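J.: Right, I'll just put the structure down here and ask away after.
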Amino acid sequence: MHKKLYLTREEVMKLRPVHSEDVTWRKYPSGEVLVLKKDEGLKYKIARKLLGDVEPYRKFVLDDIGSIVWELCDGKNTISEILKKLSKRLNTEESKIEQYLLAYLRKLEKKGLIEVK
């Protein structure tokens, strides 16, 4: 029996991105989102030894479009729904931004900021 190594486009579009449990975030009046991810890895331990009291967080500031996507990653919206809402907000065709959205979500997932369920 062969294991499936990839998802079809239809399967991907049904996934629901959600913020990882170890992140906190806030939205600034400018519309930008600041995401803090708990990080107590080796870099943190070295910095703490060298610099003393260092916050165990990595900081990410998301731009306007990234902030819109971030807010839609609430576990309720599928990737397809996020694409539709983003397309409407940007007043552009879904087909023109789909690959960018998928790449951005992959980037957020690799950094441990979201999980896709």
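J.: Test GLU109 against the criterion of being assigned to a helix (DSSP H, G or I), modelled with pLDDT of 95 or more, of a type in the set (Asp, Glu) and under 18 Å from LEU15 (Cα atoms), and give yes or no.
T.: When the stated conditions are applied, GLU109 passes them.
J.: For residues that are farther than 15 Å from LYS111 by Cβ and either modelled with pLDDT of 95 or more or open to solvent by 40 Å² or more (accessible area, probe 1.4 Å) (or both), tally how many sit in region 21-53.
T.: 15
J.: In contact (Cβ under 8 Å) with a residue 60 or more places away in the chain, more than 19 Å from GLY112 (Cβ to Cβ), of a type in the set (Ser, Thr, Tyr) and part of a helix (DSSP H, G or I), is that true of SER80?
T.: When the stated conditions are applied, SER80 passes them.
This table checks each residue for (1) over 10 Å from the mean Cα position of the chain (by Cα); (2) at pLDDT 95 or above; (3) over 17 Å from MET13 (Cα atoms); (4) open to solvent by less than 30 Å² (accessible area, probe 1.4 Å).
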site: GLY66; (1), (2), (3), (4): no, yes, yes, yes
site: TRP70; (1), (2), (3), (4): no, yes, no, yes
site: LYS85; (1), (2), (3), (4): yes, yes, no, no
site: LYS96; (1), (2), (3), (4): yes, yes, no, no
site: TYR100; (1), (2), (3), (4): yes, yes, no, no
site: TYR104; (1), (2), (3), (4): no, yes, no, no
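J.: Run down PRO56, PRO17 and say which single residue is under 15 Å from the mean Cα position of the chain (by Cα) and either over 25 Å from LYS117 (Cβ atoms) or surrounded by 15 or more Cβ atoms within 10 Å (Cβ to Cβ) (or both).
T.: That would be PRO17, the only listed residue that is under 15 Å from the mean Cα position of the chain (by Cα) and either over 25 Å from LYS117 (Cβ atoms) or surrounded by 15 or more Cβ atoms within 10 Å (Cβ to Cβ) (or both).
J.: Whether any residue in region 46-57 is farther than 28 Å from TYR6 by Cα, in a helix (DSSP H, G or I) and touching a residue at least 24 places away in the same chain (Cβ under 8 Å) is what I want to check.
T.: no
The values are calculated or read from the model by the stated rules, or taken from the named source; none is laboratory data. Just so it is clear, the structure is predicted and the values come from calculations on it, not from any experiment. Ideal geometry is used to build each Cβ from the backbone, glycine not excepted, and the neighbour counts take in all protein chains shown. Please note that ligands, DNA and RNA were not included when accessible areas were found on the heavy atoms of the full protein model with its side chains. Shrake-Rupley method; radii C 1.70, N 1.55, O 1.52, S 1.80 Å.
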